[in-house]
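To start, the structure itself, in structure tokens.
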Amino acid sequence: QVQLVESGGGLVQAGGSLRLSCAASGIIFRISTMAWYRQAPGKRRELVARITGGGSTNYYADSVKGRFAISRDNAKNMVYLAMNSLKPDDTAVYYCNTPGPPSTWGQGTQVTVSS
């Protein structure tokens, strides 16, 4: 059974930084594409960043380019999202995802950026 568990969210002031972590189990992690999505209140869930099993970062949302960085540690089955220069518009629940199949989601971690 595939399981993804996020951590690292919290409350931060605008301009601050956070690092989200996602622990994966039940998959062959080293060959699995991993992604971070977010969903703000009243908005659709959107793809933030994606990284292939080999570590190629093949997508960043325009709104986070230059501020966020996705990375992974295949030895630990972990994927990370380093978020810098945070803005109030970054406030959302952040979800870890692997497209699989099967596509699997974590439970989400709340990130709140105060102005």
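The values are calculated or read from the model by the stated rules, or taken from the named source; none is laboratory data. None of these values were measured; they are calculated from a predicted model. Ideal geometry is used to build each Cβ from the backbone, glycine not excepted, and the neighbour counts take in all protein chains shown. Heads up: the accessible areas ignore ligands, DNA and RNA and are worked out on the full protein's heavy atoms, side chains in. Shrake-Rupley method; radii C 1.70, N 1.55, O 1.52, S 1.80 Å.
Taking the listed residues VAL111, VAL93, the one that is within 17 Å of ALA14 (Cβ to Cβ), touching a residue at least 24 places away in the same chain (Cβ under 8 Å), assigned to a strand (DSSP E or B) and hydrophobic (A, V, I, L, M, F, W, C) is VAL111, with no other qualifying.
CYS96 fulfils the conditions (1) surrounded by fewer than 18 Cβ atoms within 10 Å (Cβ to Cβ); (2) touching an Asp or Glu at 6+ places or on another chain (Cβ under 8 Å) except for a single criterion, (1). With respect to ARG72, determine if the residue is open to solvent by less than 20 Å² (accessible area, probe 1.4 Å) and modelled with pLDDT of 95 or more. The answer is no for ARG72. Of the strands (runs of 3 or more DSSP E) contained entirely in region 14-74, those carrying at least 2 residues that are under 15 Å from TRP105 (Cβ atoms) fall at 18-25, 34-39, 46-51. Of everything listed in (1) of a type in the set (S, T, N, Q); (2) open to solvent by less than 40 Å² (accessible area, probe 1.4 Å); (3) more than 14 Å from the chain's Cα centre (by Cα), the single unmet condition for SER115 is (2). Scanning region 27-66 for residues that are over 26 Å from PRO88 (Cβ atoms), of a type outside the set (S, T, N, Q) and open to solvent by 60 Å² or more (accessible area, probe 1.4 Å) gives ILE28, ARG30, ILE31, GLY54. The set of residues in region 75-90 being charged (D, E, K, R) and assigned to a loop (DSSP other than H, G, I, E, B) consists of LYS76, LYS87.
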